[in-house]
Amino acid sequence: MAHVKTDDGVELYYEDTGSGIPIVFAHEFAGDFRSWEPQVRHFSRRYRCITYNARGYPPSEVPPDGSSYSQQRARDDILCVLDGLNIERAHIVGLSMGAFATLHFGIAYSHRALSLVVAGCGYGAHPDQYETFQKESKALAETIRDKGMEYVAATYGHGPTRLQLRDKDPRGFEDFIRFFSEHSGEGSANTMENYQGKRPSLYTLRKEMAGITAPLLVVAGDEDDSTLEPSLMMKRTIATCGLAMLPRSGHVLNIEEPALFNRLLEDFFHTVEAGRWTTRETGTE
């Protein structure tokens, strides 16, 4: 198994497929490196695709101390993957939890990103939802510790913004639930409580987001309600940002609508690589 070591000594498992311009994929809370299979099969024909498991997700290491999990740590783990593989710049693609990490990577390390794809990002970020989200994250972490991953996969995994996947692709949904149930309870609980539950609201970071210089594409599902307003806010705040909305779609966009998702990303990458993704003028009607 291939691993890179982070600057705080945590081993992260990764897979490296194809050759060409590199793309690094960062997964969501309920996913792992396997969630990106529809993208790896498509993009590895012309790109070098790197998928990795976040800390707390075997076969990556599962640190027992909750202080090892944070928004800053997840951001820097992307950088450690790049450095560990001697990659100077890459397209960075993240979904949900991975999208938060990708966005924060853009805030801190835009110069290391060829582009940023921020998909399904914003749950709990709105000021009206933030306090409730923090409480729910702590409660979910306790549920994971008390009842285990199979129970959480059968409940949280069937949430209202994931059922679109079940209805469109029953076999894909079965795989999603099975993979989710195989995750480490300790790693998932620590991730939910200390990364998800303690990450800052995006609405307090508008100034920092406005400083992003890398080309950025936000992708949202129109039935993923908690991400809609944050997606619009990011579009309005970041001058390099474009926004794509997938119709009749929920949260797990890359496996719910893989062909459409891949096409959006491919067009975006090609536009960026051609030097045609320009920064828009702000402050105008």
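Could you state the per residue volume, in Å³, of the convex hull enclosing the Cα atoms of the chain? Let's see the in-between values first.
Values: hull volume 34.2 nm³, N = 285.
Spread over its residues, the Cα hull of the chain gives 120 Å³ apiece.
Hey, got the dipole for the stretch 56-124? About the Cα centre, +1 on K and R Cβ, -1 on D and E Cβ, debye to the nearest 20?
Details: 4 positive and 6 negative charges, 48 e Å.
About 220 debye.
Three principal axis extents, largest first, for the C-alpha atoms of the stretch 63-159, in Å?
Sorted largest first, the three principal extents are 42, 32, 24 Å.
Using unit Cβ charges (K, R positive; D, E negative) and no other charged atoms, how large, in debye to the nearest 20, is the dipole of the stretch 119-260 about its Cα centre? If you can, show how the numbers build up before the last one.
Values: 16 positive and 21 negative charges, 85 e Å.
Its charge dipole is roughly 400 debye.
When we measure straight from the Cα of K147, which lysines land under 20 angstrom away, once same-chain ones fewer than 8 places off are left out?
Cα-Cα hits under 20 Å: K135, K138.
For a footprinting-style exposure proxy, rank R89, R276, R55, R263 by other Cβ within 10 Å, fewest first. Before the final figure, lay out the partial values.
Values: R89 15, R276 9, R55 24, R263 12.
Ascending number of Cβ neighbours within 10 Å: R276, R263, R89, R55.
Using θ = phi - 60° and the Karplus form 6.51 cos²θ - 1.76 cosθ + 1.60, what ³J(HN,Hα) does each residue of the stretch 228-238 get, whole Hz, x for Gly and Pro?
Calculated HN-Hα couplings, in order: 5, 5, x, 5, 5, 4, 4, 4, 6, 8, 9 Hz.
Kindly identify the stretch 118-205 as rounded, prolate or oblate by the Cα gyration tensor criterion: order the square roots of the eigenvalues as a ≥ b ≥ c, call it rounded if a/c is under 1.5, otherwise compare a/b with b/c, prolate if a/b is larger, else oblate. Don't skip to the end; give the middle numbers.
On the way: a/c = 2.27, a/b = 1.32, b/c = 1.72.
Because a/c hits 1.5 or more and a/b fails to exceed b/c, the stretch 118-205 counts as oblate.
Can you compute 3J(HN,Hα) from phi for each residue in the stretch 163-174, using the Karplus curve 6.51 cos²θ - 1.76 cosθ + 1.60 with θ = phi - 60°, rounded to whole Hz and x for Gly and Pro?
Going residue by residue, I get 6, 4, 5, 4, 6, 7, 9, x, 5, x, 5, 4 Hz, with x marking Gly and Pro.
In which sequence would S67, S226, S44 go, from the one with the fewest C-beta neighbours within 10 Å to the one with the most?
Numbers: S67 9, S226 19, S44 16.
By the 10 Å Cβ count, ascending: S67, S44, S226.
Could you give each residue of the stretch 181-192 its phi-based ³J(HN,Hα) in whole Hz, using Karplus coefficients 6.51, -1.76, 1.60 with θ = phi - 60°, and x for Gly or Pro?
Once rounded to whole Hz, the list reads 5, 7, 5, 5, x, 5, x, 5, 5, 5, 5, 5.
Quote the charge dipole size of the chain about the Cα centre in Debye, to the nearest 20; the model charges only the Cβ of Lys and Arg (+1) and of Asp and Glu (-1).
Details: 30 positive and 40 negative charges, 117 e Å.
So the magnitude is around 560 debye.
Test of understanding: extend the Cα→C-beta vector of K147 to 7 Å, then name every residue of the stretch 163-190 with backbone N under 17 Å from that spot.
Backbone N within reach: 177-178, 180-183, 185-186, 188-190.
Under the rule of at least 5 residues apart or a separate chain, name every residue whose amide H is placed under 5 Å from the amide H of S96.
A119, G120, C121
Give the peptides 188-194, 68-74 in descending order of average Cβ contacts within 10 Å, highest first.
Working: 188-194: 24.3, 68-74: 19.4.
Listed from highest to lowest mean packing, they are 188-194, 68-74.
Quote the relative contact order of the chain in percent (integer), defining contacts as alpha-carbon pairs under 8 Å separated by 6+ residues. Don't skip to the end; give the middle numbers.
Numbers: 560 pairs, mean separation 56.2, N = 285.
Rounded, it is 20 percent for the chain.
Coordinate-derived values only; no laboratory data. None of these values were measured; they are calculated from a predicted model. We place every Cβ from the backbone using ideal geometry, glycine too, and count neighbours over all the protein chains shown.
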